[in-house]
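Heads up, the thing below is written out as structure tokens.
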Amino acid sequence: MSAGSPTAPFRIVHTVCSHDCPDSCAVLVTVNGAGRAVKVAGDPSQPVTQGFLCGKVAKYLDRVYAPERILYPLKRKAGVAKGPLKRGQEQEAFERVSWDEALESIAARLKETAERHGPESILPYSYAGTIGVLGYGSMDRRFFHRLGASQLDRTICSEAGGVAWNLVYGKKLGTPTEDFRLAKLVVAWGANIHGNNIHLWPMIEQARRAGARLIVIDPYRTRTAALADWHIAIRPGTDAALALGLMHVILNEGLEDRAYIAEMTHGFHQLAARAREYTPERVAAWTGLTAAQIERLAREYATTRPAALRMNYGVQRSENGGTAVRAIAMLPALTGAWKHRGGGGQLSTSGAFAWNKQAVERPDLALASPLKRLARVVNMSTLGQALTELGKGRDQGSEIRDQRAGDAETRPEDGPPVKALFVYNSNPGAVAPNQNAVRRGLARADLFTVVHELFFTDTTDYADYILPATTFLEHTDIQGAYGHYFVQLSNQAIEPPGEAHSNVWLFSQLAERMGFSEDCFRDTPEEIIRQALGIGADGHSTNAGMEHITLEDLKQQGHIPLSFHRKPEEEPFQPYTAGPLPTPSGKIEFYSEALAAKGLDPLPGFVPPTESRWGKGAEQFPLEFLSRKADNYMNSTFANLEGHRKMEARLSQRLEMHPVDAAARGIADGDKVRVWNGRGSLTLTALVPGNGIVSVPAGVVAARLDWAKMHSGGTNVNVLTSERLTDLGAAATFYSVLVEVARA
Ligand SMILES: Nc1nc2c(c(=O)[nH]1)N[C@H]1C(S)=C(S)[C@@H](COP(=O)(O)OP(=O)(O)OC[C@H]3O[C@@H](n4cnc5c(=O)[nH]c(N)nc54)[C@H](O)[C@@H]3O)O[C@H]1N2
Ligand SMILES: Nc1nc2c(c(=O)[nH]1)N[C@H]1C(S)=C(S)[C@@H](COP(=O)(O)OP(=O)(O)OC[C@H]3O[C@@H](n4cnc5c(=O)[nH]c(N)nc54)[C@H](O)[C@@H]3O)O[C@H]1N2
Ligand code: SF4
Ligand SMILES: [Mo]
């Protein structure tokens, strides 16, 4: 399956899609005799990929061979100020330099910055451009630990939900994706399966052919919602109330599983007392549903077996989204849904992959840094503040620390201002909240910025140096998943174009220029893969769940299931059916002493988001704004490619409005509208459906994430989002935003 004969005209290489998607598809790349990739296809032998790719990656060669790829290291020309550049003309602001010159200059500048301002004045900024173990965080982490650079708290995506799930279950495990086909009821709760997690869809279709129903709980009418048996268009940010209302009905009607609760859970009586407060009538007033709907949903959920809950990260991008996820996560524990194969639920499967992170990331190298300790932590979801406020003596960190429930570490946040920013695997100029603050920070003349990228993004416009990066076809990596249980090897299929180099290569080279002498900076990708697997003397992994895996087998097979998922038919994996669990009580925690000890509510409760229809700001900005992901992009990735833009054209730069809200403002479909709040303003084109099929409830508007530089005004939806953080996990709140809209 891996490399074929070099003399054959074509070979097929096993790779893994490394985009930030739960599906982590096995991708077969056909490479011709000239070393050019000519086809990408889903691996039919991978049980979740099932031989197909999403629309975005089916067109992947458009990205790999895009004429706009950055091919050489570039340096900002003297006298050219940082700031938005016109598309297609970015090159003119930069001059080509050799890798040697770039690496020498960057190393010299980092050394000087560390000496003058302390190493913590250097901030790495990365997220999930690739989720391969090596590309996401290996040599880069070693490099920044050894340097003593600030650590980045990677909260922009899943931290609120992750912390919440772990408070309840101790570890992120879930119903195997393949087992959703056995469910009789699937509830997609804040999960756009059809748009963001397409490989779960065939399982649901199969379940429905056998009589299952699909219920979608989402304020927005996604493709998933449009295809559901029942779409519940809940008001944004009110999910904790709904979950507690369901508990109320379930307990009132005696639909809970007493035996399961007694054996597996902690704090049932406290939770029951709390749930008693959440009558269907009260919950109806918050969520916008009727009491009858809430009762019906509770009964259907609690009495259908197996019932599978697919939560994704939509719920937790809201101010109190952590608590909401906690409450929802408790539902299958209350009904004992985990006991029935095909039931239970999934937020993420990532907890199953016990990579040897210590060996890969080497946090111990911090002791060899000038700090001789781990560096301060800066929250990536408040990048605007970090670049404009840090070092001014204001301890904006305390708020962040207090909010980080379930996390005992001290996280000092004040210290020197950020003087150097090293961006890779991310496009903060487009994806980070409060874009105007981010831009003000990035534009600082005294900030030295390096960006390792494939394209001229919203972020490279602010770079001093741009370095060319690789796609997953061009480097080797190993990958787990957050939507299945397979370890997969991604082999390098083609040579990188021009002088592009991988993240591992870049930080290994930089380490050498910095004079870091530790051997680990010279590790090859294969050596790091062995370390990640914890390969022991007998050639097998020593990681829990991977003991049967050897690198040789992975090279042969491409994908290997984790040990508990090897015989899915004879020995199906059903998480949380036997204890003890890795929570403080060893049980599923309805009640959390850990939260109580921090002075936080130990039980889930509903608190309306401050930035919502119940907040003070609603007088001035009465509409709740969903700054959504695009179905045909991957966050901001692909938004520059013509073919992907065509697929997304119907909704690109549109503001989706309910006819009632549009009429109240004299807005008609196709009108140019200004969308604004206290943080910024954006011009979009109104989309007001005339056919009665509305995508958003009254009071809610929606638009999609893309590249800011594609807009005439040079900003995208994140000019409206805030740096306020979630209740748990100190994560971003992309779905708690108020705006007003008027005809432009
Ligand atoms: N096509 C495509 N696929 C992607 C991505 C992409 O950008 N495009 N991004 C990838 C990434 S990074 C991630 S993290 C995953 C995320 O995958 P999902 O978690 O599915 O992501 P979202 O689209 O943020 O949220 C899911 C749904 O939650 C809804 N929602 C918003 N607010 C609320 C609320 O208060 N309550 C409820 N019940 N629902 C709410 C949204 O309308 C949305 O339809 O998808 C990955 N896959
Ligand atoms: N308004 C709003 N904002 C959002 C979201 C939302 O739903 N709404 N979603 C949030 C979420 S869930 C997430 S996960 C974040 C995602 O934020 P990011 O992780 O920044 O995601 P992308 O926009 O995909 O940008 C990744 C960049 O990494 C580059 N890249 C890819 N592979 C490599 C590589 O191997 N090396 C290097 N050096 N670079 C590489 C890509 O070209 C791309 O420009 O966005 C968040 N922002
Ligand atoms: S983006 Fe997701 S669905 Fe598409 S190929 Fe990659 S892993 Fe598969
Ligand atoms: Mo994400």
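Couple of notes before you dig in:
- Residue within the stretch 619-626 that is touching a residue at least 60 places away in the same chain (Cβ under 8 Å), at negative phi, within 28 Å of the chain's Cα centre (by Cα) and within 16 Å of ligand 4 (Cβ to nearest atom) present: yes
- Residues that are within 18 Å of Gly729 (Cβ to Cβ) and not in a strand (DSSP E or B), drawn from the stretch 138-160: Arg154, Thr155, Ile156, Cys157, Ser158, Glu159, Ala160
- Screening the candidates Glu319, Glu361 for the property of being within 16 Å of ligand 2 (Cβ to nearest atom) and either free of Cβ contacts under 8 Å to residues at least 40 places away in the same chain or out of contact with any Phe, Trp or Tyr (no Cβ under 6 Å at 6 or more places or on another chain) (or both) yields one hit, Glu319.
- Pairing each residue of the stretch 10-32 that is within 27 Å of Gln346 (Cα to Cα) with any residue that is aromatic (Phe, Trp, Tyr) and within 16 Å of ligand 2 (Cβ to nearest atom), provided the two are 6+ apart or on different chains, yields C-beta distances under 7 Å for Thr15/Phe472; Val16/Phe472; Cys17/Phe472; Ser18/Phe472; Pro22/Tyr482.
- Qualifying residue in the stretch 661-677 (condition: of a type in the set (Phe, Trp, Tyr) and more than 16 Å from ligand 1 (Cβ to nearest atom)): yes
- The stretch 681-705, residues that are of a type outside the set (Val, Ile, Thr) and either at pLDDT below 95 or at positive phi (or both): Pro689, Gly690, Asn691, Gly692, Gly699
- Residue in the stretch 430-440 that is out of contact with any Phe, Trp or Tyr (no Cβ under 8 Å at 6 or more places or on another chain), at positive phi and at pLDDT 95 or above present: yes
- Whenever a residue of the stretch 629-641 is within 6 Å of ligand 2 (Cβ to nearest atom), its partners that are among the β-branched types (Val, Ile, Thr), lying with C-beta atoms within less than 6 angstrom and at least six residues away or across chains, give the pairs Asn635/Val431; Ser636/Val431.
- Filtered residue count, the stretch 181-221, keeping only those that are within 16 Å of ligand 4 (Cβ to nearest atom) and β-branched (Val, Ile, Thr): 2
- From the list Trp338, Trp286, Trp355, the lone residue that is in contact (Cβ under 8 Å) with a residue 24 or more places away in the chain and either among the basic types (Lys, Arg) or part of a loop (DSSP other than H, G, I, E, B) (or both) is Trp355.
- Selected residue [more than 16 Å from ligand 1 (Cβ to nearest atom) and surrounded by 24 or more Cβ atoms within 10 Å (Cβ to Cβ)] from Ala437, Ala443, Ala432, Ala469: Ala469
- Candidate set from the stretch 81-108 (those that are part of a loop (DSSP other than H, G, I, E, B) and among the polar types (S, T, N, Q)); member that is nearest to Thr715 (Cα to Cα): Gln89
- Listed by first and then second residue, the pairs linking a residue in the stretch 571-596 that is at positive phi to a residue that is of a type in the set (Gly, Ala, Ser) and surrounded by fewer than 19 Cβ atoms within 10 Å (Cβ to Cβ), with Cβ atoms under 7 Å apart and 6 or more places separating them unless they lie on different chains, are Gly586/Gly579.
- Test: residue in the stretch 109-126 that is within 16 Å of ligand 3 (Cβ to nearest atom), at pLDDT 95 or above, not in a loop (DSSP other than H, G, I, E, B) and not aliphatic (A, V, I, L, M): no
- When residues of the stretch 286-315 are limited to those that are more than 11 Å from Ile234 (Cα to Cα), of a type in the set (Gly, Ala, Ser) and out of contact with any strand residue (DSSP E or B) (no Cβ under 6 Å at 6 or more places or on another chain), the one surrounded by the most Cβ atoms within 10 Å (Cβ to Cβ): Gly314
- Matching option when the condition is away from ligand 2 (no atom under 16 Å from the Cβ), in contact with a Ser or Thr (Cβ under 6 Å, 6 or more places away or on another chain), under 28 Å from Gly558 (Cα atoms) and not polar (S, T, N, Q), among Gly42, Gly51, Gly35: Gly42
- Applying a threshold of 6 Å to beta carbon distances and a minimum spacing of six or more residues, or different chains, the list of pairs starting in the stretch 165-179 at a residue that is surrounded by fewer than 24 Cβ atoms within 10 Å (Cβ to Cβ) and ending at one that is of a type in the set (S, T, N, Q) and not in a loop (DSSP other than H, G, I, E, B) reads Lys172/Ser350.
- Of the numbered criteria (1) surrounded by 16 or more Cβ atoms within 10 Å (Cβ to Cβ); (2) under 30 Å from Glu92 (Cα atoms); (3) more than 11 Å from ligand 3 (Cβ to nearest atom), the one Lys59 fails is (3).
- Taking the criterion of being touching a residue at least 40 places away in the same chain (Cβ under 8 Å), away from ligand 1 (no atom under 11 Å from the Cβ) and surrounded by fewer than 23 Cβ atoms within 10 Å (Cβ to Cβ), the only residue of the stretch 186-208 that qualifies is Pro202.
- Filtered residues of the stretch 269-285 (kept if more than 22 Å from Arg613 (Cβ to Cβ) and either surrounded by fewer than 20 Cβ atoms within 10 Å (Cβ to Cβ) or touching a Cys at 6+ places or on another chain (Cβ under 8 Å) (or both)): His269, Gln270, Ala272, Ala273, Arg276
- Matching strands (runs of 3 or more DSSP E) fully within the stretch 452-561 where at least 3 residues are under 24 Å from His145 (Cα atoms): 465-468, 477-479
- Residues of the stretch 674-697 classified as in contact (Cβ under 8 Å) with a residue 60 or more places away in the chain, within 24 Å of Lys616 (Cα to Cα) and touching a Ser or Thr at 6+ places or on another chain (Cβ under 8 Å), total: 4
Yes/no matrix, rows are residues, columns are (1) modelled with pLDDT under 95; (2) part of a strand (DSSP E or B); (3) within 15 Å of ligand 3 (Cβ to nearest atom); (4) of a type in the set (D, E, K, R):
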| position | (1), (2), (3), (4) |
| --- | --- |
| Ala8 | yes, no, no, no |
| Val27 | no, yes, yes, no |
| Val31 | no, yes, no, no |
| Gly35 | no, no, no, no |
| Lys39 | no, yes, yes, yes |
| Leu53 | no, no, yes, no |
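- Test for Ala639: is it modelled with pLDDT of 95 or more, touching a Phe, Trp or Tyr at 6+ places or on another chain (Cβ under 7 Å) and within 16 Å of ligand 4 (Cβ to nearest atom): yes
- Among all positions in the stretch 262-276, there is at least one residue which is of a type outside the set (Asp, Glu) and within 29 Å of Val700 (Cβ to Cβ).
- Scanning the stretch 129-188 for residues that are touching a Cys at 6+ places or on another chain (Cβ under 9 Å) and more than 28 Å from Lys111 (Cα to Cα) turns up just one, Ile131.
- Residues of the stretch 341-352 classified as surrounded by 23 or more Cβ atoms within 10 Å (Cβ to Cβ) and in a loop (DSSP other than H, G, I, E, B), total: 4
- Looking only at the stretch 33-44, residues that are farther than 23 Å from Phe455 by Cα and without any contact (Cβ under 8 Å) to a residue 60 or more places away in the chain come to 5 in all.
The values are calculated or read from the model by the stated rules, or taken from the named source; none is laboratory data. Everything quoted here is computed from the prediction, not taken from an experiment. Virtual Cβ from ideal backbone geometry, glycine too; neighbours counted across all protein chains shown.
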